[in-house]
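The values are calculated or read from the model by the stated rules, or taken from the named source; none is laboratory data. Because the structure is predicted, anything quoted here is derived from the model rather than measured. Cβ coordinates were reconstructed from backbone atoms using ideal geometry, including for glycine residues, and neighbour counts include every protein chain displayed.
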């Protein structure tokens, strides 16, 4: 089996890797492209973070020795790089189509399927990388597994003054005393005072853009007689809210207002039977990425049907997701799925960033080495099994986003 599959040109490792290099992160995954990337010498990633800048050389008398200063790094960090991988099986039917002689169409169909499925695996790997950047920027921490199956939390130590939650009366959604422009000015001023950085980017999703566009104070300033050409609802429009984010960005003096609505899917096999009208604790292979309050979709693969329930709680130790009401139908272990769709950016968040401080980017992505031979970045390899005949294709990656300037990010919970 191993020799047979290795003789199929499209399944050779060098060919698979060429397939892989054709797939870049989908254009909608933008967070991972905000900052540069460089290799780490080992899987233990080390970096220094700092708060504040604007130091100034002191006066000294001519001929006197120069006073000593020290590097700006104020906190030492070390964390094991995160590692993620997946395997997909290609069975006998797929292999036979590849081997079929004299049928160019069959070969091309198999090649197209391989390309599509491998592209899907690469996109899933890139979404995990995007997820890490979203967690760093909007929450300042995330959990992941390291050696021996231990789960750790990486905390980027963003100052509490830069993590602001608005009170009920001041929420942008329903607050009776809301002051959106004032809140944004406060955040910009805090970043400028703390590190000297100028906010050049703000990120939110379309729900928060709606709060901005519908705010009476902003609408008043954007009237044709008061600000610009009154083109809030013209030009380059957000397809969901139907407004031009660039106009609001211009008003707020933020060069780039990034509206980011990308969604990822948390999908896990059921590890136990779900009995209709009875089971509320749904057993799944991994509870890590589900969120309380969201919608859990239970999918019956063979019937092609599904049911939606609300997630009430998550039990990591028992590996179950508890829903508020038992589903009507029953679902099978090892075949059916529990799925939740989540946004990279919550409907409650507005984040401002000074992407550079004193000409240096505030964050970076470190690729880490893994495997034998030593690999960096996304890679693919192949394993042959002979009974049943299956070719397994694996996609892997390892790395970690790091934050050098912890006070150049302002996380504002607005709803």
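Output the residue which, of all residues in region 134-143 that are more than 11 Å from residue 351 (Cβ to Cβ) and in contact with a helix residue (DSSP H, G or I) (Cβ under 8 Å, 6 or more places away or on another chain), is surrounded by the most Cβ atoms within 10 Å (Cβ to Cβ). Among residues in region 134-143 that are more than 11 Å from residue 351 (Cβ to Cβ) and in contact with a helix residue (DSSP H, G or I) (Cβ under 8 Å, 6 or more places away or on another chain), the one surrounded by the most Cβ atoms within 10 Å (Cβ to Cβ) is 142. Here region 241-282 is the region considered, the condition is being within 22 Å of residue 29 (Cα to Cα) and out of contact with any strand residue (DSSP E or B) (no Cβ under 9 Å at 6 or more places or on another chain), and the residue that is surrounded by the fewest Cβ atoms within 10 Å (Cβ to Cβ) is 242.
Looking only at region 347-383, which residues are in contact (Cβ under 8 Å) with a residue 24 or more places away in the chain and not in a strand (DSSP E or B)? Result: 347, 348, 354, 355, 358, 362, 368, 369, 371, 376, 378.
Does residue 334 satisfy the criteria of being more than 23 Å from residue 29 (Cβ to Cβ), touching a strand residue (DSSP E or B) at 6+ places or on another chain (Cβ under 7 Å) and not in a strand (DSSP E or B)? So that I can check it myself, show each step before the final result.
On the way: more than 23 Å from residue 29 (Cβ to Cβ): yes; touching a strand residue (DSSP E or B) at 6+ places or on another chain (Cβ under 7 Å): yes; not in a strand (DSSP E or B): yes.
Yes: the conditions hold for residue 334.
When you look at residue 399, is it under 30 Å from residue 258 (Cα atoms), surrounded by fewer than 22 Cβ atoms within 10 Å (Cβ to Cβ) and not assigned by TED's automatic domain parsing to the domain that holds residue 179, yes or no? Give the derivation first.
Numbers: under 30 Å from residue 258 (Cα atoms): yes; surrounded by fewer than 22 Cβ atoms within 10 Å (Cβ to Cβ): no; not assigned by TED's automatic domain parsing to the domain that holds residue 179: yes.
For residue 399, the condition - under 30 Å from residue 258 (Cα atoms), surrounded by fewer than 22 Cβ atoms within 10 Å (Cβ to Cβ) and not assigned by TED's automatic domain parsing to the domain that holds residue 179 - is not met.
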